[in-house]
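The values are calculated or read from the model by the stated rules, or taken from the named source; none is laboratory data. Everything numeric here is computed off the predicted structure, so don't read it as measured data. Here Cβ is always computed from backbone atoms with ideal geometry, including for glycine, and neighbour counts include all displayed protein chains. Just so you know, the surface numbers come from the protein's heavy atoms only, side chains and all, with ligands and any DNA or RNA stripped out. Shrake-Rupley method; radii C 1.70, N 1.55, O 1.52, S 1.80 Å.
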Amino acid sequence: MTCAGAAASPSLWRLCTSAQWPLSAYGKKIGLRFCSSGMTLDNINWAAMDRIIRVDHAGEYGANRILAGQMAVLGRTSVGPVIQKMWDQEKAHLKKFSELMVAFRVRPTVLMPLWNVTGFALGAGTALLGKEGAMACTVAVEETIAHHYNNQIRTLMEEDPEKYEELLQLIKKFRDEELEHHDTGLSHDAELAPAYAILKSVIQAGCRAAIYLSERL
């Protein structure tokens, strides 16, 4: 099937650079087509898709802002390249969910300005504790996000694993990369951060609250 034909059919959903959709949140046109067997814009669970895409977009945006804050403080240190590698992956995650928001006409959470400020502040603040603080933040955030992705995987599996196969594969891929970041944090002395257990608990409580609010607002 050609890209033009894919763009005209609501039953298709994969990237296609020549099929143009409306402007994204970043002011650029995004080319998408959908090629999932059994999944159409008419037969999906819209409430679930709306909630999943909005909260995942918000989460990846927040993760990007955290890493931006960490890079602002530690970018020129020995751990800078490690943070940059994780940031590059988070940018790719955010780009994909930005594309899905356009394709499924999902509005972003109204809390984006808040996540912009608090994400950067959290990244920079923990980085000021040293690389251990930054990595403790990474462990806390990524563990929470991976748990959240697992919940979404269970939801989609219960809905229809064949219909949502491609979205499931995407979320699983991102979940695995978040777990890699988690392990990277541990291998770079996250547990040596000051008051590690308390710091981790506080950050994770904030992440869970952010997830709850972003799904609904």
Count - residues of region 81-109 that are over 14 Å from D56 (Cα atoms), modelled with pLDDT under 95 and of a type in the set (A, V, I, L, M) | 1
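Assess whether A72 counts as being farther than 22 Å from L170 by Cα, modelled with pLDDT of 95 or more, within 21 Å of the chain's Cα centre (by Cα) and open to solvent by less than 30 Å² (accessible area, probe 1.4 Å). Give the steps one after another, and end with the answer.
On the way: farther than 22 Å from L170 by Cα: yes; modelled with pLDDT of 95 or more: yes; within 21 Å of the chain's Cα centre (by Cα): yes; open to solvent by less than 30 Å² (accessible area, probe 1.4 Å): no.
The answer is no for A72.
Only one of K131, K172 is crowded, with 21+ Cβ neighbours inside 10 Å and basic (K, R). Can you tell me which? Don't jump to the end; show me each part of the working.
Details: K172 fails: crowded, with 21+ Cβ neighbours inside 10 Å.
So the residue among K131, K172 that is crowded, with 21+ Cβ neighbours inside 10 Å and basic (K, R) is K131.
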How about region 157-166: which of its residues are surrounded by 20 or more Cβ atoms within 10 Å (Cβ to Cβ) and either in contact with a strand residue (DSSP E or B) (Cβ under 9 Å, 6 or more places away or on another chain) or in a helix (DSSP H, G or I) (or both)?
-> none
Out of all the residues in region 167-200, which are closer than 18 Å to L129 by Cα and free of Cβ contacts under 8 Å to residues at least 24 places away in the same chain?
-> S187, A195, A197, I198
A4 part of a helix (DSSP H, G or I) and at pLDDT below 55 | yes
Restricting attention to region 88-112, which residues are open to solvent by 10 Å² or more (accessible area, probe 1.4 Å), closer than 12 Å to F174 by Cα and touching a residue at least 40 places away in the same chain (Cβ under 8 Å)?
-> Q89, K96
Cross-chain or 6+ apart pairs with Cβ under 9 Å, region 126-146 first and on the phi > 0 side of the Ramachandran plot, then among the hydrophobic types (A, V, I, L, M, F, W, C) and open to solvent by 20 Å² or more (accessible area, probe 1.4 Å) = G130/L192
All but one of (1) of a type in the set (D, E, K, R); (2) at pLDDT below 95; (3) open to solvent by 60 Å² or more (accessible area, probe 1.4 Å); (4) in a helix (DSSP H, G or I) hold for D50, so report the exception by its number.
-> (3)
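Filter region 200-217 down to residues that are open to solvent by 30 Å² or more (accessible area, probe 1.4 Å), small (G, A, S) and closer than 22 Å to G185 by Cα, then give me how many there are.
Going through region 200-217, the residues open to solvent by 30 Å² or more (accessible area, probe 1.4 Å) turn out to be 200-202, 205-206, 208-209, 211-213, 215-217.
So of that shortlist, the ones also small (G, A, S) come out as 201, 205-206, 209.
Checking which are closer than 22 Å to G185 by Cα leaves us with 201, 205-206.
Qualifying residue count, region 200-217: 3.
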Given (1) at pLDDT 95 or above; (2) touching a Ser or Thr at 6+ places or on another chain (Cβ under 8 Å), index of the condition E165 fails | (1)
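Scan region 140-148 and give yes if some residue there is farther than 15 Å from I211 by Cβ and either touching a His at 6+ places or on another chain (Cβ under 6 Å) or not basic (K, R) (or both), otherwise no. Write out each step before concluding.
Of the residues in region 140-148, the ones farther than 15 Å from I211 by Cβ are none.
No, because not a single residue in region 140-148 is farther than 15 Å from I211 by Cβ and either touching a His at 6+ places or on another chain (Cβ under 6 Å) or not basic (K, R) (or both).
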Which of the residues belonging to region 167-198 are part of a helix (DSSP H, G or I) and more than 25 Å from H57 (Cα to Cα)?
-> L186, S187, A190, E191, L192, Y196, A197, I198
Reported set for region 75-124 where residues are more than 27 Å from A209 (Cβ to Cβ) and outside any helix (DSSP H, G or I) is G75, R76, T77, S78, V79
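Determine if region 176-186 includes at least one residue that is closer than 18 Å to K96 by Cα and surrounded by 15 or more Cβ atoms within 10 Å (Cβ to Cβ). First the steps, then the outcome.
First pass over region 176-186, keeping only residues closer than 18 Å to K96 by Cα: 176-178.
From the residues that got through so far, the ones that are surrounded by 15 or more Cβ atoms within 10 Å (Cβ to Cβ) too are 177-178.
Yes: region 176-186 contains one or more residues that are closer than 18 Å to K96 by Cα and surrounded by 15 or more Cβ atoms within 10 Å (Cβ to Cβ).
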